[in-house]
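Here's the structure, in structure tokens; my notes come after.
Any read-out appearing in this document is the output of simple, stated calculations on the displayed coordinates, not a laboratory observation. Note that this is a predicted model, so its numbers are computed, not measured. Quick reminder, even Gly has a Cβ in these numbers, built from the backbone with ideal geometry, and neighbours come from all protein chains shown.
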Amino acid sequence: MAVNLTANAIPAINAGDVNSKPVVQVLDIKLIGTTQERYRLTLSDSESTQQAMLATQLNDRVKTGRVRKTSVIQLIEYICSTVQNRKIIVVLNMETIIPECEIIGNPQIIVESNLGAQKATSNVASGSAILSNNGNLSAQRSVQASFANSKNLSAQNSGNSMQNYPPAIQPAYQPPPNYKSDGAIMKNEAPARIIPIAALNPYQGRWAIKARVSVKGELRRYNNSRGDGKVFSFDLLDSDGGEIRVTCFNAVVDRFYDKIDAGKVYMISKGSLKPAQKNFNHLKNEWEIFLETTSTVDLCPDEDASIPRQQFSFRRISEIESAENNSIIDVIGIVTAVNPSIPIVRKNGMETQKRILNLKDQSGRSVELTLWGDFCNREGQRLQELAEAAFSPVLAVKAAKVSDFTGKSIGTISSTQLFVNPDSAEAQTLREWFDQGGKDIASQSISRENMREGSKNEIRKTVSQIKDEGLGRSDKPDWVTVKATITFIKTDTFCYTACPLMIGYRQCNKKVTRSGNSIWQCDRCNQEFEECDYRYLLQAQIQDHTGLTWVTTFQESGQEILGCPAKELYRMKYEEADDARFSEIIRNCLFTQFMFRLKIKEEFYGDEQRVKITVVKAEKVNHSTESRYIIDLISKFRLS
């Protein structure tokens, strides 16, 4: 099949052409890179040759053999970038015209000077080369060596003879011409060309993308060997379905954090691309954008309907059984059960909220979804209200993290998004299935069963059983529920001074100290402020019919017991000196019966090991619910 390559395509691309969609030939393909596979090509327009880099999303074209040595291809999307003072064609999209054919023409190497590439007429057979009159010696040798070391720059013709290309011969050195300066050289301020997210790569010089912010992460502070800092990230989605994460640090955070809003469309340019950190980035993109002080982020005032608001890749619940631990997935299901939100104390001493849901779908499986932090009070509270109204909503979960602890379950992370009753085809199909009989179909849980039949947070114990059964002395804490009465509360120290500053969406809550007469200082945030917050740290004694024990309660559970904020109680005792009212509040809590949810864990105090019992939730006894519980126990006892 006869084919003509596009004449002078290589010089035109080097000069800045990006629209002609030329037909060229692949003379050589070489795999480079150790940590990441990339392919370097040698392209020919029958007269000139130029090295090119293949975008990684096109790697499969080489692996499957659709593009190979001597293939004739058409460049659909491409740019020419300068890398280490050498021009490289970056191929973003292409089509194969002829998978394999003889080498067309007598292609020769183009050597570039600092002033631009210039073409000279010569013949390969006579051993001449195309060289710029003012090209420097090292650049000439570099290109000659690169070309000479390229493998298989010749192909076998119909007569089984090989056509060889001798190395280029360097002409005598000529000094560069002198140019008269007629004024300052103007910088090219033409707007960068908008390209798809999938086409981004580090070899591009100037680029711009138009995309919607699908997720805006919280502002986080950190401390490492280089000092304190702050960081936040947001995810972008464009009209072609490409996704990429954008990260800002320190001064760049101050510039862009308040400017970025989830759901809006922006034009972004002048950022640097680096390999994505897959430990923290679940998007299907090998690159991540890091914005700099010179970067531009412009809000697009007009809504672009071509850019979707969200993109899902749903997995059936049955497929989660084979998913890798810590992998990030999208799931959609019917919410069949919602547990109350409970406070949890993390290892760093900070409190957070936890709420467990149960999801089922048409695969015949159900799974636990654990909500953490603000998800418990936002979407979690709405889901609980719907469940209490006997309505089972559809929940779509974007970016849930898989856990394999005692079965398979999923949980929220900072970049997770929850959509209650979303307007999508998948949600409509799921709703129809559930309403037409799916709700009556039994499903097998791939998680531990703890929604109705007693989770680790709902195992009933007496006070004496905590000691007799050695609870809390294993590697992991024990979680039990105890019905007991408060018999004593320490009132000398019932709260602590806490940092009121927000870290993202959460309050710091670290203990603060006075720095002067009226200034408080937080060592964690490294900031000072006039007013601090007050948070409960109660030591109380609880007792049931089997014995008594000491427990520690923090902010939420302390307020549930005492019925007023810690700040109010502190002012009552120390600022207003209203001892009568203070004593009345304490007295009203004594000998009141509560359902205590306890975390029991052995900890070190100096060289001594002690079992610490922490109240994570305290609720006054609901006698109706408790009566049903006792009746159920009696029924089970009779059956046994």
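Before moving on, here are some points about what is shown:
- Environment charge at Ala498 (Cβ cut-off 9 Å; Lys +1, Arg +1, Asp -1, Glu -1): +2
- Cα gyration tensor, region 9-109 - rounded (a/c under 1.5), prolate or oblate: rounded
- Taking GluC sites (Glu not before Pro) across region 556-635, the ones in a DSSP loop with at most 15 further Cβ atoms lying within 10 angstrom of their Cβ are Glu576.
- Euclidean distance between Cα centres, region 292-306 to region 488-564, Å: 43
- Simple spin-label estimate for Ile459 and Val611 in nanometres, 7 Å along Cα-Cβ: 1.2
- In straight-distance terms, cross-link reach from Lys360 covers every one of the lysines whose alpha-carbon lies under 18 Å from its own, apart from those fewer than eight places away in the same chain; here that gives Lys398, Lys401, Lys408, Lys439.
- Filtered trypsin sites (Lys or Arg not before Pro), region 213-287: DSSP coil and at most 10 other beta carbons within 10 Å: Arg226
- Extension gain, Glu530 to Ala425, is 32.5 nm, computed as 0.36 nm per intervening residue step minus the present C-alpha separation.
- Remark: for residue pairs Lys461/Lys620; Lys216/Lys259; Lys601/Lys636; Lys354/Lys476; Lys354/Lys617, the C-alpha separation exceeds 19 Å in Lys601/Lys636.
- Extension gain, Ser414 back to Leu299 (0.36 nm per residue minus Cα-Cα distance, nm): 39.0 nm
- Qualifying chymotrypsin sites (Phe, Trp or Tyr not before Pro) in region 456-534, where qualification requires a DSSP coil assignment and no more than 14 other C-beta atoms within 10 Å, comprise Tyr505.
- Model label points for Gln277 and Arg628, set 7 angstrom from Cα along the Cα-to-Cβ axis, are 4.8 nm apart.
- Segment Glu95-Ser20, extension gain: residue separation times 0.36 nm, minus the distance between their alpha carbons: 25.6 nm
- Separation of the Gln311 and Arg66 label points, Cα + 7 Å toward Cβ, nm: 1.8
- Overall form of region 463-627 per C-alpha gyration tensor (a/c, 1.5; a/b vs b/c): oblate
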